[in-house]
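Working notes for the structure below.
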Amino acid sequence: ILNVEQSPQSLHVQEGDSTNFTCSFPSSNFYALHWYRWETAKSPEALFVMTLNGDEKKKGRISATLNTKEGYSYLYIKGSQPEDSATYLCAFNNAGNMLTFGGGTRLMVKP
Amino acid sequence: GAVVSQHPSWVICKSGTSVKIECRSLDFQATTMFWYRQFPKQSLMLMATSNEGSKATYEQGVEKDKFLINHASLTLSTLTVTSAHPEDSSFYICSARDPGQGADGYTFGSGTRLTVV
C-alpha cells in the first residue's frame, strides 16, 4: 500500500494571508504528482501535474514545487481569497495507471 | 476541456436493493475508468479499474460480486452496488483517463452520495 500524506488536514486563514500545504509520497517508482482543487458538490479540478524533480509550476496565485528525491511537494497560495476555500488533494502516480490520493487539506478563507 | 458526467449526484435506497451509478466521458474516449470510494474524513480509495471491453480489476478487499462494474463503451462505465446495506453508504466518484493526454489525462466526475437506509 502506497503512503501519501497531506498536512495539515485543515487550515483556517484570513483573506489576504498566504499559506502552504504539504504532500509527502514514496520517493521510489515516481511518475507524476497531481494536485487537485475540490469544491463541495463539484468535480475535483486539476491544478498541476508535476513530473520532474525541482519542478515549479504556477497558476495565478497558486504555485507548487516538487522534490522527488525526498518525496514531497508543496502547494502555495498567495494572498488567499474566500473563493480559494476548498479541499486540496494531491495524488501520487507511479506509472501503474492508478492514482493514490492523500487525505486532502481543507482550506477555509475568512473574509 | 475534458468533462466527465456522473449520475446520480445523490441517491437514497432501501437496504437490499441495487443502485447503479453512471459515469460518462463527454468529449473524449476513455479507455480506462477508475472508481473510488470515500468514507468520512478519509482519502479517496481506489475500488477498481475498468478497461473498455474487458473485466474490471478490483483492489484488495473490494467484493467484485457486490460492486459490479461495466465498461461496455469508450464513453460509459457503470458501477452497480448490489444488495446494498447501510455500511455501503459512502461517496463514490469516478475518474476517466484520456490516454492522449499522458499524465494530464485524469478527469473526475462530481461524485455520488449513496445513503442506504
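Computed values, structure above
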| quantity | calculated |
| --- | --- |
| Contacts under 6 angstrom Cβ, first residue in segment A:24-40 being within 14 Å of residue A:98 (Cα to Cα), partner open to solvent by 30 Å² or more (accessible area, probe 1.4 Å) and in a loop (DSSP other than H, G, I, E, B), 6 or more apart | A:29/A:94; A:31/A:94; A:31/A:95; A:32/A:51 |
| Residue under evaluation residue B:87, criteria (1) in a helix (DSSP H, G or I); (2) within 14 Å of chain A (Cβ to nearest Cβ), criterion not met | (2) |
| Every residue from segment B:90-104 that is more than 9 Å from chain A (Cβ to nearest Cβ) and among the small types (Gly, Ala, Ser) | B:90, B:96, B:100 |
| Condition check for residue A:110: in contact with an Asp or Glu (Cβ under 7 Å, 6 or more places away or on another chain), among the basic types (Lys, Arg) and farther than 27 Å from residue B:33 by Cα | yes |
| Residues of segment A:54-95 that turn out to be within 14 Å of another protein chain (Cβ to nearest Cβ) and in contact (Cβ under 8 Å) with a residue 60 or more places away in the chain, as a count | 8 |
| Those strands (runs of 3 or more DSSP E) lying entirely in segment B:19-79 with at least 1 residues surrounded by fewer than 20 Cβ atoms within 10 Å (Cβ to Cβ) and in contact with a Cys (Cβ under 9 Å, 6 or more places away or on another chain) | B:19-25 |
| Residue satisfying condition, being among the β-branched types (Val, Ile, Thr) and under 10 Å from the mean Cα position of the chain (by Cα), within set A:40, A:87, A:68, A:51 | A:87 |
| Selection from segment B:87-111 of residues that are among the polar types (S, T, N, Q) and more than 16 Å from residue B:42 (Cα to Cα) | B:95, B:101, B:107, B:110 |
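The values are calculated or read from the model by the stated rules, or taken from the named source; none is laboratory data. This is a predicted model, so every value here is computed, not measured. We place every Cβ from the backbone using ideal geometry, glycine too, and count neighbours over all the protein chains shown. Side chains included, ligands, DNA and RNA excluded: accessible areas come from the protein's heavy atoms. Shrake-Rupley method; radii C 1.70, N 1.55, O 1.52, S 1.80 Å.
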